[in-house]
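Below is one structure, written out as structure tokens; the observations come after it.
The values are calculated or read from the model by the stated rules, or taken from the named source; none is laboratory data. It should be emphasised that the depicted structure is a prediction, and the values quoted were computed from it without experimental measurement. As a convention, Cβ positions derive from the backbone with ideal geometry for all residues, glycine included, and neighbour counts pool all protein chains shown.
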Amino acid sequence: MLKDRTTLSNLAVEVENLGRVYKIRMNKKEKNLRKELVALQGVNLQVRQGELFGLLGPNGAGKTTLMKILTTLLAPTSGSACVAGHDVVKEPVVVRRLINMVSGGESSGYGMLTVRENLWMFSQFYGLPSKQANQRIEALLKIVGLEDRIHTKSSDLSTGLRQKMNIVRGFLTDPQVLFLDEPTLGLDVGASRDARKLIRSWLEEDRTRTLLLTTHYMVEADELCDRVAIINQGRVLACDTPSVLKQQLQRDALFELTVGALNGLTVSKLEGIPGVRKVTHRESGDSNVLSFILDEEAALAGVMNSLTESGVRIMRLDKHEPTLEDVFVNLVGRSMDEVEKEDPHDSK
Amino acid sequence: MTQNDPLAIQSFEKATGWRLFIKTVIARAYPRIIGQQREKSWIFFDIFLPMLAVSSYVFVYRAIHAPEEYVGFVVIGGAMTAFWMNVMWSMSSQLYWEKEQGNLALYIMAPNSMMAVLLGMAVGGMFATLLRAVAIILLGSLLFHVQYVVGNLVQLLAVFFVAMTALYGLGMMTASLFLLLSREADHLAQLATEPVFLVSGFYFPIKSFNFWIAAAASLIPLTLGLDAMRQLVFASGPALGFLDVRVELIVLCGLCVVFLFGARALLAYMERLAIREGRLTESRR
């Protein structure tokens, strides 16, 4: 274990009324003309020591902005944030000793260096003794199944293998608080599973470690996180354990209908049916998938009638247990995919 | 994945303060000292191509029956252009490329000093370029039978070391500046290449200029460094020198201080700006 672990309060991360506004230049000619983009507003969060906390939301929701503030890369425009008991604005150097971050899809490091050399280089920026750094590199590469590539130049790695190397970089310095921003982005199913196992075992080994994870994979958040905060348009809409969040929908009836052509039937028309609370729609090949959140199962009859009257061919009907995706739909009114399609500005 | 692998191998203490600073310098120098040598094309681009430019000047000087020392001047100048190119393309533009690659955010987020990162780049670049410069001098001297007369080796080493410190200090300072200028920096670097080749006297003694042009050119550390080195390694060097070597050494020391402090101030400004505006650590790719 690290000897420099400071005395921790019970909170690994504490965020109070945090806000961030970006001023974006409109065009090159009018340099003073700037548009304000609110990335975060009034965010309050408390992450306990030892927790695996998930930030869940679509692209552009403000997850990465929050991560950047907590990792001292960005200053908030209002409010305050503390990591491991230290203010990220007033004590950035102290915070930096205690944290690390890995982002999905990053291309950090140098292509002409081998995997081991790249990881060793980053370990030195945190002051790790070379001998211990090399031992940890070998152990961690073995855990993620990359030990046979230790002497491969990183430019020769595939995107997925490179991401595994990045994940190892994050764990290498044994931070008190680790931030993972979409860590499984670009990884195949097996590699994602390995990464999730590494995350779990790292936390279980020492309960003073804390991990903050952003993802827009609901299943990942559900499987991994002790608690999740659902973020949209810079605001925290809900924050609790996945089971408590899903329980809020437990009394509702959730159905998924796979149908043929919609024949002019719209989501808003379906939402007008008595007992129908939320409907989301997505295309799946030649068919359409409609997800319903109903106040009670009896409302399904009205839905079926409406579909039949419109001549919509019903191919399949599934009743399912609530998921975090349903929680998101219930809170935002649209699915995460729909939000991303309608508001496709870049994630900050 | 195996479940039994211990993630915390044993107790260890992380370095802080000066130990962390030195570790960072060594680590950041490593890709340049070791990594860059793996790309064998450097032998062609960094030795063969500069040798072509050196050769053309040598043939011109011999065709017009210029003093034979001019051949030596050109060989030394050709070797020193390697340092200028390294400073322009691998120091000044480097933070911009680090940003594009996603490394800059990791550097800022780490507990190390950014000055140590820049110093590591400089030390690594200097070492790697030294190999190229030595190769050009050896090859040029052998091909064109250059005669050296080194009277004061200590002074020669001092001039070289101080000139390099000032030159890489300039590179460290412009690295932050070029990062702020983003893509425009590439154009600036291109724009600066040939004029600097001219006014620094890479291929002829700067005494050929009038005093004020030579004095203005002396703001580029290579100008005085090159002039002083030529005075110290060629018999007719002092006669063709711009200022006395000791004066040039003092001016170079002054440039070291100015550029290194400038680098520190600009780096701190860049880091503050990056954190305040949040755009400098964003890749535009």
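Output the number of the condition that residue A:68 fails; it satisfies all remaining conditions of (1) in contact with a strand residue (DSSP E or B) (Cβ under 6 Å, 6 or more places away or on another chain); (2) crowded, with 20+ Cβ neighbours inside 10 Å.
With (1) in contact with a strand residue (DSSP E or B) (Cβ under 6 Å, 6 or more places away or on another chain); (2) crowded, with 20+ Cβ neighbours inside 10 Å applied to residue A:68, the lone miss is (1).
Taking residue A:121 as the residue in question, decide whether it is under 28 Å from the mean Cα position of the chain (by Cα) and either facing another protein chain (nearest Cβ under 8 Å) or modelled with pLDDT under 95 (or both).
Values: under 28 Å from the mean Cα position of the chain (by Cα): yes; either facing another protein chain (nearest Cβ under 8 Å) or modelled with pLDDT under 95 (or both): yes.
The answer is yes for residue A:121.
Give the residues of the stretch A:203-217 that are facing chain B (nearest Cβ under 10 Å) and buried (at least 21 other Cβ atoms within 10 Å of the Cβ), sorted by residue number.
A:209, the sole residue that qualifies.
Take residue A:181 and decide whether it is surrounded by 23 or more Cβ atoms within 10 Å (Cβ to Cβ) and acidic (Asp, Glu).
Here the answer is yes, as residue A:181 does meet what is asked.
Could you please find all residues in the stretch A:131-154 being more than 9 Å from every other protein chain (Cβ to nearest Cβ) and either touching a Cys at 6+ places or on another chain (Cβ under 9 Å) or within 18 Å of residue A:200 (Cα to Cα) (or both)?
Matches in the stretch A:131-154: A:141 only.
Can you give me the number of residues within the stretch A:288-344 that are of a type in the set (Phe, Trp, Tyr) and assigned by TED's automatic domain parsing to the domain that holds residue A:278? Break it down into steps so the answer makes sense when it comes.
The initial filter retains those residues of the stretch A:288-344 that are of a type in the set (Phe, Trp, Tyr), namely A:292, A:328.
In the following step, the residues that additionally are assigned by TED's automatic domain parsing to the domain that holds residue A:278 were identified as A:292.
Counting residues in the stretch A:288-344 that are of a type in the set (Phe, Trp, Tyr) and assigned by TED's automatic domain parsing to the domain that holds residue A:278 gives 1.
Among the candidates A:45, A:37, A:55, which residue alone is assigned to a strand (DSSP E or B) and touching a Phe, Trp or Tyr at 6+ places or on another chain (Cβ under 6 Å)?
On the way: A:45 fails: touching a Phe, Trp or Tyr at 6+ places or on another chain (Cβ under 6 Å); A:55 fails: touching a Phe, Trp or Tyr at 6+ places or on another chain (Cβ under 6 Å).
None of the others qualify; the one that does is A:37.
Would you kindly identify the helices (runs of 4 or more DSSP H) lying entirely within the stretch B:53-151 that contain at least 2 residues that are more than 14 Å from every other protein chain (Cβ to nearest Cβ) and more than 22 Å from residue B:22 (Cβ to Cβ)? So that I can check it myself, show each step before the final result.
On the way: elements: B:69-86, B:94-101, B:103-109, B:114-144.
Hits in the stretch B:53-151: B:69-86, B:114-144.
Collect the residues in the stretch A:74-125 that are under 25 Å from residue B:31 (Cβ atoms) and without any contact (Cβ under 8 Å) to a residue 24 or more places away in the chain, keeping them in residue-number order. Let's see the steps before the verdict.
Quick first cut of the stretch A:74-125, residues under 25 Å from residue B:31 (Cβ atoms) only: A:93, A:96-97, A:99-125.
Passing the criteria: A:93, A:117, A:120, A:121, A:124, A:125.
Can you find a residue in the stretch B:183-190 that is in contact with a Gly (Cβ under 7 Å, 6 or more places away or on another chain) and more than 14 Å from chain A (Cβ to nearest Cβ)? Spell out the reasoning first.
Residues of the stretch B:183-190 in contact with a Gly (Cβ under 7 Å, 6 or more places away or on another chain): none.
No, there is no match, as no residue in the stretch B:183-190 is in contact with a Gly (Cβ under 7 Å, 6 or more places away or on another chain) and more than 14 Å from chain A (Cβ to nearest Cβ).
If you check residue B:244 against the conditions, is it over 16 Å from residue B:170 (Cβ atoms), surrounded by 23 or more Cβ atoms within 10 Å (Cβ to Cβ) and not aliphatic (A, V, I, L, M)?
Working: over 16 Å from residue B:170 (Cβ atoms): yes; surrounded by 23 or more Cβ atoms within 10 Å (Cβ to Cβ): no; not aliphatic (A, V, I, L, M): yes.
Judged against the criteria, residue B:244 is not a match.
Residues are listed down the side, and each one gets a yes or a no for (1) of a type in the set (Phe, Trp, Tyr); (2) under 23 Å from residue B:100 (Cβ atoms); (3) in the same structural domain as residue A:17 (by TED's automatic domain parsing); (4) part of a helix (DSSP H, G or I):
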position: A:100; (1), (2), (3), (4): no, yes, yes, no
position: A:106; (1), (2), (3), (4): no, yes, yes, no
position: A:112; (1), (2), (3), (4): no, yes, yes, no
position: A:117; (1), (2), (3), (4): no, yes, yes, yes
position: A:123; (1), (2), (3), (4): no, no, yes, yes
position: A:140; (1), (2), (3), (4): no, no, yes, yes
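Among B:255, B:226, B:222, B:240, which is in contact (Cβ under 8 Å) with a residue 24 or more places away in the chain, farther than 22 Å from residue B:60 by Cβ and of a type outside the set (Lys, Arg)?
Numbers: B:226 fails: farther than 22 Å from residue B:60 by Cβ; B:222 fails: farther than 22 Å from residue B:60 by Cβ; B:240 fails: farther than 22 Å from residue B:60 by Cβ.
It is B:255.
Quick grid of which residues meet (1) under 21 Å from residue B:129 (Cβ atoms); (2) surrounded by fewer than 16 Cβ atoms within 10 Å (Cβ to Cβ); (3) out of contact with any Asp or Glu (no Cβ under 8 Å at 6 or more places or on another chain):
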residue: B:67; (1), (2), (3): no, yes, yes
residue: B:84; (1), (2), (3): yes, no, yes
residue: B:87; (1), (2), (3): yes, no, yes
residue: B:91; (1), (2), (3): yes, no, yes
residue: B:102; (1), (2), (3): no, no, no
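List pairs: first in the stretch A:161-185 and more than 12 Å from residue A:115 (Cβ to Cβ), second part of a helix (DSSP H, G or I) and acidic (Asp, Glu), Cβ under 7 Å, 6+ apart or cross-chain?
Filtered contacts from the stretch A:161-185: A:184/A:220.
Quick one: in the stretch A:86-102, of everything that is touching a Phe, Trp or Tyr at 6+ places or on another chain (Cβ under 9 Å) and either closer than 21 Å to residue B:276 by Cβ or more than 9 Å from chain B (Cβ to nearest Cβ) (or both), which residue is surrounded by the most Cβ atoms within 10 Å (Cβ to Cβ)?
Here is the first cut: in the stretch A:86-102, the ones touching a Phe, Trp or Tyr at 6+ places or on another chain (Cβ under 9 Å) are A:96-97, A:99-102.
Right, trim to either closer than 21 Å to residue B:276 by Cβ or more than 9 Å from chain B (Cβ to nearest Cβ) (or both) and you get A:96, A:99, A:101-102.
Working: A:96: 23, A:99: 28, A:101: 25, A:102: 22.
Here the answer is A:99.
For residue B:106, only one of the following conditions fails: (1) without any contact (Cβ under 8 Å) to a residue 24 or more places away in the chain; (2) surrounded by fewer than 20 Cβ atoms within 10 Å (Cβ to Cβ); (3) farther than 22 Å from residue B:194 by Cα; (4) not aromatic (Phe, Trp, Tyr). What is its number?
All conditions pass for residue B:106, except number (2).
In this structure, is residue A:83 more than 9 Å from chain B (Cβ to nearest Cβ) and among the aliphatic types (A, V, I, L, M)? Spell out how you get there, then give the answer.
Values: more than 9 Å from chain B (Cβ to nearest Cβ): yes; among the aliphatic types (A, V, I, L, M): yes.
Against the criterion (more than 9 Å from chain B (Cβ to nearest Cβ) and among the aliphatic types (A, V, I, L, M)), residue A:83 qualifies.
Would you call residue A:107 under 20 Å from residue A:163 (Cα atoms), modelled with pLDDT under 95, under 23 Å from the mean Cα position of the chain (by Cα) and at the interface with chain B (Cβ under 7 Å from one of its Cβ atoms)?
Values: under 20 Å from residue A:163 (Cα atoms): yes; modelled with pLDDT under 95: yes; under 23 Å from the mean Cα position of the chain (by Cα): yes; at the interface with chain B (Cβ under 7 Å from one of its Cβ atoms): yes.
It is true that residue A:107 is under 20 Å from residue A:163 (Cα atoms), modelled with pLDDT under 95, under 23 Å from the mean Cα position of the chain (by Cα) and at the interface with chain B (Cβ under 7 Å from one of its Cβ atoms).
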